[in-house]
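S.K.: Mind looking over this structure? Questions follow.
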C-alpha cells in the first residue's frame, strides 16, 4: 500500500495544473521560505500547503502521526539548542521545504510530467531520468511495503525487531532496487523508448483556466507573505 | 502463409551466462517463417527465456554473458542492433509484466508505447480504442494500473505490444495469469495475426492450450533445442513417488468465513474449510481471488463480515498473529525470499537441517541448496517460497498462482508436497488458472 496516493480523479484539484507550473511554484515557495523570519508570514505560507495536501492527497493517519512526532522532536531539540521562537521558525521553514514534495508527487502522474518536460524542450536524457525517478520512488515505497508484509506473513513484526532490519528489509529491498533498475531499462527499450528518438505527443499541454487561477493564487499568496514580512 | 524469406534465422547460437562455465543454450539452429506460430517448451530454467532474450537483444547487452553464433532478421545480421532497434521488428513480452508497464492508467499505457514509436496523434486514439475493444479492456479504460489483477495487467501489456503490429512476436509465458476467457481471446488473436503474416515464438508450460494453434514445436533438453515434429502432449499430473498416507478424516473446521466483503467486490462466498481439504478459488481475472486470500491472511481487513480460524475471530488480530496458523505464498516470490542461501531460506528458526534438506529434495531444489535465492528462475523461486512457508508447518496454506512457470515435472513435485501437507491435516486454499485434474488434491472448487 502506498503511503500517499492521489484522491479519486473526480476530486482532483491540483492534478490538472500544468506540472511545470507546479514545479516552478514549489521552487518559489521554497526560496521565499528561506528568506522569511516572521512566524506569521511563515504560517500564512504553511497553511495553504497543508490544506492543499489534505484535500488533494490521501495520506494515512499513521503517516500523519509519525510526521507529527518527528516535528515535535524537532521542536524540542531545536528549543533545547537555541530558543523556542527560533525553533518554531525552523519548524515552519522545514514544513515549507517538505510539504511541496508529497503535493507534487501525489498530484502529478508520470505521463503528465513527461509531457511537461517534453514541452519545455529539456534534453531527452534528462526527461528519461526524471521519468524513471518519478516512477521509481512510489515503486520502492510499494516494494518496501510488500517486503514488510512478507515479514509479517513469516511471523516477524519487523518494526519491533531492529535486528531483523538488515536481513529482513534492507537486503531484499536493495535486491529489488537493483533488479528494478535493470529490468526497467530493458522494459523501456522493449516498449520502444529511446531518449534520442523523436516522440509524438497525443495530448500536448495547453494553458487552461485552472492554470491562470493557480498562478494568480500563488502570486497573491507570495505577495501577502512578502508584505507581512517586509512591509507591515 | 508460405514465403521464401525467413524472418528469423539462428545459426549455431550458443549463450553462456556470466559466471558460468557451461552454456545455457548450445548450438541452436532455428528458423521462423512469416505466418508461423512456433512453441518452445522445456523444463524450468532450461533456457527458453534465455533464447528469447538473445533474439530480442537483452542477452548479452543487459545481462552480460557470452553469445556466439548468428541471429539474422530477414537475412540481415542483427547482432549489433540494440533492444530498441530490434523491438521495431520483434516485440517481446517478458515474464514479469510489471517491468514493462510505465504509466499509471490503462489507456495512457497504450498511448505511451504508441508515442514512443512516433505514431501520429490522430492514429493513436484510433489504435488505442481498437486495442481496448479487441482485448476486452474497455471497462477498465480509465482504471489505475495498480487496480488491475495480474491477469488483467498481462492482457493489457499484450494488447499494448500487439497494437503496433511488428512482424515477429516473442511471447514468454503469455498465458500464465490469464483466465479461460483471456486465453481464448489471445489464442484466437494470435491465429488471426498469423494468418495476416505475423509470426510468433511462444514459450509456454500450458502445452494443451498452445498445441492446437502452433505449427511447429521445439523443446529444450540439456541445453539443446530439439524439434519435436509433433505437438507435445499435455503433462500427466502427478505421479506420487511414495504410496499415499491414509487420508485424514475431515472432522475439524479450520477456517470459516461469513459474509465477507471488501471494496467494490461483490460479497465473497462463505467458506468452511476442514482439515485435509483443498479449495480452489476460481473466477475470471479481476474477480477478487487475490483479495480474498489477502483478507484470509490478515493483510487486508474486510469491510464487512467475519473470519474465524480454529474457532477464533481473526478480524482484530494482526497479520503476525494470524501467520502462526496461516501460511501465504505470494504471487511474486521475490518479496518473500530473505536468506542468503536456498537452504537457509527453508532452515528457519525451529526447522532442522534434515527437514530442510528433505523439503529441498522434494521440491527439486537440492542441487541449488547453496545458491543465493535471487539466482533462481522465477519458477524455482516459487517452489522455494512454498518450501519456506511449509517448513513453518502452518495449519492453513494460501497459494496465489504459484503454479505459474512450473514445468510438468516440477509441478508434479509441487503437487506431491502439497498432497502430503493435506494428508497430514493441513488445508489448502489456492488460486490457479492452470487446469489441474480435480482428483490430484481432491480439490473443491469455489466460484467467485
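The values are calculated or read from the model by the stated rules, or taken from the named source; none is laboratory data. What you see is a predicted model, and the numbers here were worked out from it, not measured in a lab. As a convention, Cβ positions derive from the backbone with ideal geometry for all residues, glycine included, and neighbour counts pool all protein chains shown.
S.K.: Condition (residue is farther than 26 Å from residue B:46 by Cα, over 15 Å from the mean Cα position of the chain (by Cα) and surrounded by fewer than 20 Cβ atoms within 10 Å (Cβ to Cβ)) applied to region B:361-381: is it met by at least one residue?
M.R.: Looking for residues that are farther than 26 Å from residue B:46 by Cα, over 15 Å from the mean Cα position of the chain (by Cα) and surrounded by fewer than 20 Cβ atoms within 10 Å (Cβ to Cβ), one finds none in region B:361-381, hence no.
S.K.: Could you check region B:310-342 and list, in sequence order, the residues that are touching a helix residue (DSSP H, G or I) at 6+ places or on another chain (Cβ under 7 Å), modelled with pLDDT under 90 and either farther than 21 Å from residue B:430 by Cα or more than 12 Å from chain A (Cβ to nearest Cβ) (or both)?
M.R.: Scanning region B:310-342 gives B:314, B:338, B:339.
S.K.: Looking at (1) in contact with a strand residue (DSSP E or B) (Cβ under 8 Å, 6 or more places away or on another chain); (2) facing another protein chain (nearest Cβ under 10 Å), which is the one condition that is false for residue A:103?
M.R.: Among (1) in contact with a strand residue (DSSP E or B) (Cβ under 8 Å, 6 or more places away or on another chain); (2) facing another protein chain (nearest Cβ under 10 Å), the lone unmet condition for residue A:103 is (2).
S.K.: Sticking with this one: For residues in region A:189-216 being free of Cβ contacts under 8 Å to residues at least 40 places away in the same chain and assigned to a helix (DSSP H, G or I), which is farthest from the other protein chains (Cβ to nearest Cβ)?
M.R.: Filtering region A:189-216 for residues that are free of Cβ contacts under 8 Å to residues at least 40 places away in the same chain and assigned to a helix (DSSP H, G or I), the one farthest from the other protein chains (Cβ to nearest Cβ) comes out as A:216.
S.K.: Still on this structure, please answer the following. Which of the residues that make up region B:118-166 are part of a loop (DSSP other than H, G, I, E, B), surrounded by 19 or more Cβ atoms within 10 Å (Cβ to Cβ) and without any contact (Cβ under 8 Å) to a residue 40 or more places away in the chain?
M.R.: Of everything in region B:118-166, just one residue is part of a loop (DSSP other than H, G, I, E, B), surrounded by 19 or more Cβ atoms within 10 Å (Cβ to Cβ) and without any contact (Cβ under 8 Å) to a residue 40 or more places away in the chain, namely B:137.
S.K.: While we're looking at this one, here's another question. Wholly within region B:1-117, which strands (runs of 3 or more DSSP E) include no fewer than the required count, namely at least 1 residues that are farther than 21 Å from residue B:173 by Cβ?
M.R.: B:8-16, B:25-32, B:66-73
S.K.: List every residue pair whose Cβ atoms lie under 7 Å apart, where the two residues are 6 or more positions apart in sequence or sit on different chains, the first residue falls within region B:298-317 and is assigned by TED's automatic domain parsing to the domain that holds residue B:273 and free of Cβ contacts under 8 Å to residues at least 40 places away in the same chain, and the second residue, located anywhere, is assigned to a strand (DSSP E or B) and crowded, with 21+ Cβ neighbours inside 10 Å.
M.R.: Close Cβ pairs (under 7 Å, with a partner that is assigned to a strand (DSSP E or B) and crowded, with 21+ Cβ neighbours inside 10 Å) amount to B:314/B:307; B:315/B:307.
S.K.: Just to verify a result, which residue in region B:105-117, among those that are at the interface with another protein chain (Cβ under 7 Å from one of its Cβ atoms) and under 11 Å from residue A:191 (Cβ atoms), is surrounded by the most Cβ atoms within 10 Å (Cβ to Cβ)?
M.R.: Checked region B:105-117; the qualifying residue surrounded by the most Cβ atoms within 10 Å (Cβ to Cβ) is B:113.
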